[in-house]
Amino acid sequence: MSHSVPFLTLLIILPAVGGGVLALLALDKRLPKELCDWLAVLVSLATLVVAVVALVTMREHFGGFQLVSNHSYTGDTLGIRWYLGVDGISIFLVLLSALLFPLVLLTGQNKPKPRAYAAWLLLLEAAVMGSFLSLDLIVFFFFFELTLVPAYFIIAGWGHDRRAYAAVKFFLYTFLGSAFLLVGILALAFIHQSQTGVLTFSLPALEHTHLSSSTEILLFLAFTSAFAVKAPLFPFHTWSPDAYTEAPAGGSVILSSVLAKLGTYGIIRFDLTLFPQATRTLAPLILTLAVIGIVYGAIVACVQRDMKRLVAYSSLAQIGFIALGTFALNEQGLSGAVLLMLNHGLIVAGLFLVIGFIYERRGTWQTTELRGLQKVAPVMAGVFTLFMLASIGVPGLNGFVSEFLVLVGTFLTHRWWAVVAVLGVIVSAIYLLWTYQQVFHGVPKPEDEKTRDLSWPERLVLTPLIILIVFLGVFPKPALDRIDPSVTQLVTHVEKATGHDQPSVTTKGTAALGGQP
Amino acid sequence: MPLLPLAGFVVLLFAGRRLGDPLAGWIATAAVAGSFVVACFVLGGVLSQPETHRVFVHNYFTWFQVGTLRVPVGILVDPLSITMCMFITGVSALIHLYSVGYMKGDPDYPKFFLYLNLFVFSMLLLVLANNLLLTFVGWEGVGVCSYWLVSYWFYRDSAASAGKKAFIYNRIGDAGFLLAMFLIFEKTHTLVYEGGPGGGIFGQLGHLGGGTATAAVLLLFVAATGKSAQIPLFNWLPDAMEGPTPVSALIHAATMVTAGVYLLCRMNHLLALSHAGTEVIAIIGGITAFVAATIACAQQDIKKVLAFSTVSQIGYMILAVGSGAYIAAVFLMVAHAFFKGLLFLGAGSVIHGLDDEQDLKRMGALRKTMKWTTVTFSVGWLAIAGIPPLAGFWSKGDVLDNVYAHYKLLWALGLFTAILTAYYMTRLEVLTFGGDPRWDKVGPHGEPAHHAPHESPWIMRLPLVVLAVLSFFAGLLDLPWIHHDSFAGWLAPVFGTSLFNDRLHTGSQWALALTDTAAAIIGLIIGYGLWKGTRVDKPELEPQFLQRVWYWDDFYDTVIGRPSQRLATFFAWVVDARIIDGAVNGAATLVRSTGSAARKLQTGYVRNYALGIALGLAALIVFLLSRTWWS
């Protein structure tokens, strides 16, 4: 199925070319700075437009891959194909990335060396898009690895005091994980070749590889180690507080809301599709790590006095929820996990952006050095409150629906894990409200008095996030209607492959009781 | 009906600051008064239907659907939800009106009404929702509004902490609510209360085993203890008195805190399946009523006395629910909304008149200067004390009669609590309005003397008068001898018609009524006798144990608060930083020190590695492309 306009290829090419052009322009110092700034923003906005058009073009109620581009790339001897496709699971991650990059570019214009910064960001966007869209494992791996390079330079080049340490740690840690992934991909492809005589890396073909259960578990672990580090999943998370903290505000946004999703997306896309039996066998292990991550992340967040570290640990807990829903292996849990990837991306982006705005004004994000900001910056306080409540999971805002679906799904298949995870819901309220109280409540000190409220450009940057957070909370149906068919297909695939019906509501006799009017 | 306050909220959100001082308040008041009028029309419409056709379900749109988990946004109109709506909108409208006067001159005036309107919307959503999840939306919504309004004066540390504490205690209850929903969904495959093909939750209750039913009931009760401030989660409510007094009246007395009682009443078919569950509910309710009443006897702050009194009265409601007397619980809830709203607004009037003084020991003789407040407050006092023929006598009597039929021991405890109630309310009344003035003297900690108190403006007096009239006559809603034609008959479509006290003889009903009256009078006499004199410093009557709330907060702090803080610190700075991260960094160091052979390659600069990757990938591409060419 080939489409007249190659939307997905455009999504990768646009930012890649834009980044390249900017990098070349950066060599010519005479060009006006504004021109380059706006070129970068325009390119990312064009990418956003393409992503939105792709969403609109997609058929509803269809679970498979759409807008597919599938071209031979290296010929049959190597079997690598330029094979792109999008479905209900990836489209919202594509949109999330397409939305966040322009926002980050808009906030980063007064940095030193703005052209290089924008060029790296655009390159990163291309790599991210490539990762979410590739259905060929080698091409996926290429883009997955490629994200490291711009991310490293953004942290190392524009970060804070301990940026060198954080960047190196981030790079080596995730690089090590990916090494396992490459070995896993090659092993899988060669096993497939020995069975069929065809060397291919395309996901739908490799799905049908016959694997002995021990091989499957080893391959699952190889793939998962890369994704678990990237996400990050407990206990592979210690690079993230350092990286999120030392990165510039825009870098933290991209790292936590987009790059982290590469890990969870990888698990859903590749682990569940390729290794359903191993997924089921090892589900209790991952679920346990996820629940530990939820509770542990929340508890550690409680004693952080550094707001960025706090958000990093709260992300650890949220990623735990995503993993929890994924390995619940039923429709509710998995749909919730996919929706939570989008929602967490929006919320954490908002939090890091506001923290960045505070830093620009005060040069600190320590809760102990800020006080009473609600009095002098009421709009900032209101916006922060919204992101905070969405993160806590207050219904009416987007976080709640996804968290609820994850928990209900998990409860149906793994009750006691869900019961422990609910504790995390309580603790998240504690650390966020405590932070809010320290920073925004109380009487401002003299140095707090001078903190400006959000400027209009800053409000403009936050507006799309606010609108989406409220909209997806009140009316998540359009998103879920697109996610659900793909998730159903994946769940059915896992169930067929394992010959095992999960106790989800769809599979029970009294199915028609979902409360139709 | 809930849309009006929501519209008010939206208007105030975008235009509040421009509308300014009185106008924003009036718009908010009009929105709520409008929804009261709508509620009246709906009530009329429902009443015009025959008794068996008084339940309506209306679905607006699907909130979300995954698999067969379909959550509609829809309302359930039945006698219970309409009753709730009537008193919620009515009391809210009065309190909005009162606030127009009370909050005058506050710098964040529009914001106050913004929160208040959002609160009314959430509360109506809570009671009108036709499924558990939508009720939960309202449930959380009122919790968030409560958080904002308690910490409304956020520059005071105590207010900020109290708001946070209220939210977190509620959050513990919410965890119970969530788990109860999961359990109910697992067994019944729906979250809708009733109606639809399978008859909703109530039509599917047959799928619940005894153990599951008890678990679900207890989990819902955990939710109720959080929201309705029952043991063991009650101690957020007294702290919540840091909010402005109209907020205390509306949220922390009349409406939000009764949400837990409403939830249990709504789920009465489920409660009926678990005797063990309801027994626990009754016992906790009875004990809470008693404990809170003892504490109220020793508080110095006028609002704290009323707060503990609220906890105690809700304890009565919970006790009634546990005894299966849902109608009595709802009856007391309505009556309590009237007289406790009245008492709080009266207290607000006193505080307003005395330049924000809340210490009972620095009041006295206000009867001379605040006549309206005194008279209306006294009606509230007699009503809550249970003096016939005021509302409290009938409603509390109804509860106690039902408990008597079920649990004799809890009845005795409830009766003793009734004496305490009359006692602490009399103490409050006498210290505030009776005796000699103490506000003109310098306080015990050197606080300056107050100016002469002044009566509040008419805009604050009007709600007092209306609520006083309602507190006086609300008993007419459900007189025991015409049960079936009044409140009980009206609520029968929700709860059924089996009422325990029908089984009591008329003779014992009379005896119980006389006992209740006697208890109230005994409490009144003791209270008056002990506090009528001029000496108000009586430590023998106010033991530390009661003043410190049975050391409940200290207990939590020692047993839960400090250990978990130590644990968190340990996790953060030892487990995370040393062990997990230490292992990572340790491995890195190990690799570096052993890899001496490759030292020349290991420049230690990641940017070289990064460049390596980039070059490697580029080489790979070139290689692959060339292969394509040749093949």
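Each reported figure results from applying straightforward, stated rules to the coordinates on display, with no laboratory input. Predicted, not measured: the structure shown is a model, and the values here were computed from it. Backbone-built Cβ (ideal geometry, glycine too); neighbour counts: all protein chains shown.
Before moving on, here are some points about what is shown:
- Between the amide H of B:Arg70 and any residue lying 5 or more places away or on another chain, no distance stays under 5 Å, with hydrogens modeled in the peptide plane.
- Integer Hz, Karplus 6.51/-1.76/1.60 couplings in order for the stretch A:341-348, x for Gly and Pro: 4, 5, 5, 4, x, 5, 5, 5
- ³J(HN,Hα) computed for each position of the stretch B:109-118 - Karplus, 6.51 cos²θ - 1.76 cosθ + 1.60, integer Hz, glycine/proline x: 2, x, 5, 4, 6, 4, 4, 4, 5, 4
- Reported value for the stretch A:7-515: 136 Å³ per residue, from the convex hull of its C-alpha atoms.
- Each Lys or Arg adds one and each Asp or Glu takes one away; over the other residues whose Cβ falls under 12 Å from the Cβ of A:Ser90, this sums to +2.
- Square roots of five times the Cα gyration tensor eigenvalues for the stretch B:349-468, Å: 33, 18, 10
- Under the simplified labelling scheme, the B:Ala511-A:Glu447 pair shows an inter-label distance of 7.5 nm, with each label point 7 Å from Cα along Cα→Cβ.
- Radius of gyration over Kirkwood radius for the stretch B:40-163, both on Cα atoms: the Rg/Rh ratio is 1.07.
- Across B:Lys441/B:Lys532; B:Lys227/B:Lys340; B:Lys104/B:Lys368, pairs whose alpha-carbon gap is larger than 23 Å: B:Lys104/B:Lys368
- Cβ-defined net charge surrounding A:Ile426, 11 Å radius [Lys, Arg +1; Asp, Glu -1]: 0
- Inter-chain Cβ neighbour average for residues B:579-586, partner chain, 10 Å: 4
- Under-12-angstrom lysine pairs by C-alpha in the stretch A:7-515, whenever the two are 8 or more apart or on separate chains: 6
- Nearest-0.05 FRET efficiency for B:Ser378 and B:Tyr551, computed from C-beta distance (R0 41 Å): 0.75
- FRET efficiency, B:Val559 to A:Lys33 (Cβ-Cβ, R0 56 Å, nearest 0.05): 0.40
- Cα-based convex hull, chain B, per residue volume (Å³, whole number): 237 Å³
- In terms of Cα atoms, the Rg and Dmax of the stretch B:214-288 work out to 13.2, 41 Å.
- Computed extension length for A:Val376-A:Leu42: 116.8 nm, one decimal, from 0.36 nm per residue of separation with the Cα-Cα distance subtracted.
- From phi via Karplus (6.51, -1.76, 1.60), per-residue ³J(HN,Hα) for the stretch A:204-209 in Hz, x at Gly/Pro: x, 6, 5, 3, 8, 5
- Working value for the stretch A:61-111: equivalent-ellipsoid semi-axes of 31, 19, 6 Å, each the square root of 5 times a Cα gyration tensor eigenvalue, largest first.
- Built amide H within the under 5 Å cut-off of B:Arg156, gap 5+: A:Gly442
- Debye equation applied to the C-alpha atoms of the protein assembly as shown, log10 I(q)/I(0) at 0.07, 0.09 Å⁻¹: -0.69, -1.05
- Shielding by partners for peptide B:51-61, expressed as the average number of C-beta atoms from other protein chains within 10 Å of each residue's C-beta, is 1.
- For the stretch B:71-115 versus the stretch A:301-315, the gap between their alpha-carbon centres in whole angstrom: 37 Å
- Amide H contacts under 5 Å for B:Tyr193, placed H, 5+ residues apart: B:Asn131, B:Leu132, B:Ile201
- Per-residue average of Cβ from other chains inside 10 Å of B:568-576: 6
- Structure-based [θ]222 nm, chain B - -39500 (n - 2.57) summed over DSSP H runs of at least 4, per residue, nearest 500: -22000 deg cm²/dmol
- Cα centroid separation, the stretch A:143-212 to the stretch B:518-543: 78 Å.
- Label point distance in nm, B:Trp26-B:Cys40, each placed 7 Å from Cα along Cα→Cβ: 2.1 nm
- In chain A, the calculated helix contribution to ellipticity at 222 nm averages -23500 deg cm²/dmol per residue, counting -39,500 (n - 2.57) for every DSSP H run with n ≥ 4.
- Trypsin sites (Lys or Arg not before Pro) restricted to DSSP loop in the stretch A:430-465 with at most 15 other C-beta within 10 Å: A:Lys450, A:Arg452
- Distance from the C-alpha centroid of the stretch A:1-43 to that of the stretch B:333-391: 71 Å, rounded to the whole angstrom.
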